[in-house]
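Below you'll find the structure, written out as structure tokens, and then a few comments.
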Amino acid sequence: VWSPAKVAALREAGTPVYIDFTAKWCFTCQVNKRVYHDAGLQALFQKKKVTLLKADWTNENDEIKQALAALGKAAVPVNVLYIPGQNEPFILPELLSVQNVTEALNKLP
């Protein structure tokens, strides 16, 4: 489960962090989730030691709204990868594919 404090602690520890800002009412978010079932992608997340966090905006809380605004976004889906040593996250395209998530993960050392 996502929280700003958890993200900060993981980043401070040098851990790659992937955040899925999502909501149950978001159709595109639900379609995007199919990508995560790919076995090769699951293996890559494990190999790269990425911590996966879900920021569920189903109830549109202010904390997630502020996090989205800080990313320059106003709505979900938003998927980001925090790469150790880089201040700004890599923001993935709105519509995910195995290919574009793999390309993002391959930016990690």
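The values are calculated or read from the model by the stated rules, or taken from the named source; none is laboratory data. Bear in mind the structure is a predicted one, so any value in this text is a computation, not a measurement. Note that each Cβ is placed from the backbone with ideal geometry, even for glycine, and that neighbours are counted across all protein chains shown. Surface areas here come from the heavy atoms of the whole protein model, side chains and all, with no ligands, DNA or RNA. Shrake-Rupley method; radii C 1.70, N 1.55, O 1.52, S 1.80 Å.
For the reader, a short list of remarks on this structure follows.
- For the range 15-109, the spread of Cα coordinates along the three principal axes comes to 33, 29, 18 Å, biggest extent given first.
- Accessible area of the chain belonging to carbon and sulfur atoms, whole % at 1.4 Å probe: 52
- Take LYS65: with every protein chain present and a 1.4 Å probe, its accessible area is about 120 Å².
- The range 1-75: chymotrypsin sites (Phe, Trp or Tyr not before Pro) in DSSP loop, at most 15 other beta carbons within 10 Å: TRP25
- The residues of the range 16-91 expose, per residue, 57 Å² of accessible area to a 1.4 Å probe.
- Net charge of Cβ neighbours under 15 Å - reference ASN106; Lys, Arg +1; Asp, Glu -1: +2
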